[in-house]
Amino acid sequence: QQKTKGQTLGAKYGIPLKVTNFVYGIGVGEHKATTSVITKWLASMTQENFFPGYLDDFPNMGIDGSLSFVENYQKEPSLKGATSHVHAKPGSYFVDVDNEPVIKGQAFAGYIDSKKGKKLASIVVVNNVPLQSFNELLSAFQDQGPIYASYWRTFWMNQGVLMVRFCT
């Protein structure tokens, strides 16, 4: 029996296909992908020959693309250095709840540089945030900036080692 493209990718990268279903690539709503699947996929991409070009497609937080305006983290001197070392793509998914927009899921997923040139695959997600205006979505982006920059500071200062504890 011939494998589908998804089965081949699942086997190649070791990603369990029953926990993934991307429509727009953001992993929420009718889409699904755990944060561990997304970071595993991102980490696996660093081993590909095409990775340098792939990484070039990721916006640099505070510099260009869809993250050019995310700059509030720069007010904290210890986070300012993250500007050229955080490469992430945002994704947002909205739903209508009683005629009010709600961010069902909004994420930055990408890479953080270490001093030794290593890449940390990472993701920051917010869920179920009611919005009064589009500007509140932009505020959510600004709120995620210092979180990502804090990851950078920890990863950078520890020369490529980041300890993360997940709390429920």
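The values are calculated or read from the model by the stated rules, or taken from the named source; none is laboratory data. Computed from a predicted model, the values in this text were never measured in an experiment. Methodologically, a virtual Cβ is constructed for each residue, glycine included, from the backbone with ideal geometry; neighbour enumeration extends over all protein chains shown. Only protein heavy atoms, including side chains, enter the accessible area calculation; ligands, DNA and RNA are left aside. Shrake-Rupley method; radii C 1.70, N 1.55, O 1.52, S 1.80 Å.
Scanning for something among the acidic types (Asp, Glu) and in contact with a Gly (Cβ under 6 Å, 6 or more places away or on another chain), does segment 47-68 turn up at least one residue? Checked segment 47-68: no residue is among the acidic types (Asp, Glu) and in contact with a Gly (Cβ under 6 Å, 6 or more places away or on another chain).
Exactly one residue among Lys80, Lys89 is within 17 Å of the chain's Cα centre (by Cα) and among the basic types (Lys, Arg), and that residue is Lys89. Scanning segment 102-118 for residues that are in contact with a Gly (Cβ under 9 Å, 6 or more places away or on another chain), touching a residue at least 40 places away in the same chain (Cβ under 8 Å) and not polar (S, T, N, Q) returns Lys104, Gly105, Ala107, Phe108, Ala109, Lys115, Lys116, Lys118. Here Lys18 meets the list (1) in contact with a strand residue (DSSP E or B) (Cβ under 9 Å, 6 or more places away or on another chain); (2) at pLDDT below 80; (3) open to solvent by 80 Å² or more (accessible area, probe 1.4 Å) almost entirely, failing just condition (1).
Mind listing just one residue for me: the one in segment 60-116 that is in contact with a strand residue (DSSP E or B) (Cβ under 9 Å, 6 or more places away or on another chain), assigned to a loop (DSSP other than H, G, I, E, B) and open to solvent by less than 20 Å² (accessible area, probe 1.4 Å) and, of those, nearest to Phe134 (Cα to Cα)? Taking the candidates together, the pick is Val70.
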